[in-house]
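Structure first, commentary second.
Since every read-out is calculated from the coordinates, none of them should be taken as a lab result. No experiment lies behind these values; they were computed from the predicted model shown. For neighbour counting, all protein chains shown are included, and Cβ atoms are generated from backbone atoms with ideal geometry for every residue, glycine included.
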Amino acid sequence: MGVPPRMHYMHCHNMHRHNMHRHNMYYHTVARTDLAALRPQWNSEMSESAPIQHPNKLTSGDFTEADEPLRLFAAWLADATRSEPADPTAMTLATVDSDGLPNARMVLLKGFDEQGFVFYTNLDSQKGRELDATPKGALVFHWKSLSRQVRLRGPLERIEDQEADAYFVTRPRLAQIGAWASKQSAPLESRLAFEKAVAFYMAKFAVGPIPRPANWSGYRLMPLIIEFWQDRPYRLHDRIEFRRGGGGEPWSKTRLYP
Ligand SMILES: Cc1cc2nc3c(=O)[nH]c(=O)nc-3n(C[C@H](O)[C@H](O)[C@H](O)COP(=O)(O)O)c2cc1C
């Protein structure tokens, strides 16, 4: 797997000689070259020239026959939990800022059901402020080990305090301290300043249970659109999209061109 390092290096070296006088272009050219060099590797193993071969048995079942997205999501997440090396619940959360400029970052899924998909964060963070102004977003899961993607879109709301409290008590003590010490997304003058804040709250909450900070809670994205994507040989991927008009309404399913 991967590009032989020597070939890679030589390529970069030549690029460097030819483009040394144009520093920026050097970077652009190398970045493009690196990706081009990688392509034949994964192409030959994954898609174009190799015999059609399902990477594992999970890709052979026809998920496009599913008539309901939540159970399918649960099955795919269970598969990912077995096959991903780390963080199978990691998902990209996309929001928009007040100028309509999209913003995206990773968060961890902490629960899901018909009502929605829940993650936890600092309410005063960049994402928190963006969601207060525009409570709409998108989530993307990409499970590389399965060559699968799931996309969700819909409105978001803050979860109830009770629900946030119930989750907060399950977190490791140091993570609870971190929730107090981190002014997430605000400028931080130094690592030391953060460590001092951690020490301060460790002393403050030296004994007894640590309460949940008022500005630390969760959001629930209620999906109105959920799309499942599965890699297939020759880029003939399968996509199915479920849509509903609102929570509690029935889902309709559409197959999409890849
Ligand atoms: C794998 C992974 C999981 C993360 N999970 C969370 C999370 O559950 N909640 C959170 O607030 N930040 C999480 N982060 C950090 C966020 O990506 C982000 O840096 C932080 O929330 C600040 O984002 P913001 O400035 O847009 O609010 C995670 C980062 C990674 C790489």
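Annotation: aspartates and glutamates with alpha-carbon distance below 13 angstrom to Lys183 (same-chain offsets under eight excluded): Asp124, Glu195.
Assuming 0.36 nm per residue, please report the length gained on full extension of the stretch Leu174 to Leu188 beyond their Cα-Cα distance. Don't skip to the end; give the middle numbers.
Working: separation 14, 0.36 × 14 = 5.04 nm, distance 1.94 nm.
Taking Leu174 through Leu188 to full extension adds about 3.1 nm, to one decimal.
Modelled spin labels at Glu157 and Thr89, positioned 7 Å past Cα toward Cβ, are 2.2 nm from each other. Taking a straight line from the alpha carbon of Lys144, these lysines sit under 16 Å away, with near neighbours fewer than eight places off in the same chain left out: Lys57. Taken along the Cα-to-beta-carbon direction at a fixed 7 Å, the label points for Ala75 and Val207 span 5.4 nm. Dipole magnitude for the stretch 74-120: computed about the Cα centre from +1 point charges on Lys and Arg Cβ and -1 point charges on Asp and Glu Cβ, it is near 140 debye.
Listed by chain and number, the lysines whose C-alpha is less than 19 Å from the C-alpha of Lys136, apart from same-chain residues fewer than 8 away, are Lys110, Lys127.
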